[in-house]
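The values are calculated or read from the model by the stated rules, or taken from the named source; none is laboratory data. Keep in mind that this is a model prediction, so the values were computed, not measured. As a convention, Cβ positions derive from the backbone with ideal geometry for all residues, glycine included, and neighbour counts pool all protein chains shown. Quick note on the areas: whole protein, heavy atoms, side chains included, nothing else; ligands and nucleic acids left out. Shrake-Rupley method; radii C 1.70, N 1.55, O 1.52, S 1.80 Å.
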Amino acid sequence: MRHFAQAAGFQLAAVFHDADSGSHEAFYELGVALRRADAHDVVLPSLCHLSTNDVLQDALLDCLEDRFQAQVHVLATRATQDNPSPADKR
């Protein structure tokens, strides 16, 4: 994520992660940070980092895009998630 951010001209300000499955505390904190910094870009390693549930994933993406006017940048596509390269399996 750091390399992508630097190449895109972004400053990686924070990484948000929920340790407990089903928790959305980090997502809430992300929203607070976006508003506080007037930031409009979010980098995700993959969409599965939002949720593995497609319906919830779509709802969270909609929230980022509509409520926070964020552009979401996803580093891994579903194809690379379903068929990881040997380097991704480390």
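Evaluating 6.51 cos²θ - 1.76 cosθ + 1.60 at θ = phi - 60° for every residue in the range 57-74, the Karplus couplings come out as 4, 4, 5, 5, 4, 4, 4, 4, 6, 8, 6, 9, 6, 9, 8, 9, 10, 10 Hz, glycine and proline recorded as x. Computed from backbone phi with θ = phi - 60° and the Karplus coefficients 6.51, -1.76 and 1.60, the 3J(HN,Hα) list for the range 39-51 is 8, 9, 9, 10, 10, 10, x, 7, 5, 5, 6, 7, 5 Hz; x is used for glycine and proline. Take the Cα of Y28, step 7 Å toward its Cβ, do the same at M1, and the gap between the two points is 1.9 nm. Amide H contacts for V74 (H built 1.01 Å from N in the peptide plane; partners 5 or more residues away or on another chain; cut-off under 5 Å): L44. Taken about its Cα centre, the range 1-50 carries a charge dipole of about 200 debye when Lys and Arg each add +1 at the Cβ and Asp and Glu each add -1 at the Cβ.
The residues of the range 18-66 have, on average, 63 Å² of accessible surface per residue, using a 1.4 Å probe with all protein chains present.
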